[in-house]
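Notes for the one structure printed next.
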Amino acid sequence: MKRYRIQPNKQVETGSEQTCSKLDERCILVCQHRSCQAAGSAQVLAAFEKADTNGFTAKGTGCQGQCSSGPTVRIVPEETWYCRVQPNDVPTIVEQHLKGGKRVEAKLHPRIHMRFSY
Ligand code: FES
């Protein structure tokens, strides 16, 4: 597994982007590209790596296209996208989502998980 380190003023390696290798593999994909890294994504990835994630594998990735709302965390295969995730959000995501099966509404990415009320 490739490790990423916080290196201020240095670009993170993104050419070896990691993804889940199997369609049914359960992964936590934490963006490690520039904008997300500047917002603390390395610490978010480290927090997921330390946690008991109930069989989900935490992986760093390249840009996931949601740079203005990072750190971006994507749970697959069910495709749940979280935005502005901080290390202190990780225990809630682990307990409520990864172990309890219920998404953390407050951290859902609003452009991807749109909510409508009439
Ligand atoms: S830099 Fe993380 S989504 Fe683009």
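The values are calculated or read from the model by the stated rules, or taken from the named source; none is laboratory data. Since the structure is predicted, the reported quantities are computational estimates derived from the model, not experimental observations. FYI the Cβ positions are ideal-geometry reconstructions off the backbone, even for glycines, and counts take in every protein chain you see.
Residues being more than 11 Å from the chain's Cα centre (by Cα) and part of a loop (DSSP other than H, G, I, E, B) are entirely absent from the range 82-95. Pairing each residue of the range 56-81 that is aliphatic (A, V, I, L, M) with any residue that is in a loop (DSSP other than H, G, I, E, B) and buried (at least 23 other Cβ atoms within 10 Å of the Cβ), provided the two are 6+ apart or on different chains, yields C-beta distances under 9 Å for 73/85. If I filter the range 68-94 down to residues being surrounded by 24 or more Cβ atoms within 10 Å (Cβ to Cβ) and away from the ligand (no atom under 12 Å from the Cβ), which single residue comes out as nearest to residue 33 (Cα to Cα)? The extreme case among them is 90.
Restricting the search to the range 18-38, which residues are near the ligand (Cβ under 8 Å from one of its atoms), under 22 Å from residue 91 (Cβ atoms) and outside any helix (DSSP H, G or I)? Residues satisfying the conditions are 31, 32.
Within the range 29-45, the residues that satisfy the criterion of being over 24 Å from residue 114 (Cα atoms) and surrounded by fewer than 20 Cβ atoms within 10 Å (Cβ to Cβ) are 34, 38, 40, 43. Among the residues of the range 97-104, is any buried (at least 17 other Cβ atoms within 10 Å of the Cβ), modelled with pLDDT of 95 or more, part of a loop (DSSP other than H, G, I, E, B) and β-branched (Val, Ile, Thr)? Within the range 97-104, one or more residues are buried (at least 17 other Cβ atoms within 10 Å of the Cβ), modelled with pLDDT of 95 or more, part of a loop (DSSP other than H, G, I, E, B) and β-branched (Val, Ile, Thr). Do you know which of the residues in the range 46-67 that are part of a loop (DSSP other than H, G, I, E, B), of a type in the set (S, T, N, Q) and away from the ligand (no atom under 15 Å from the Cβ) is surrounded by the most Cβ atoms within 10 Å (Cβ to Cβ)? It comes out as 53.
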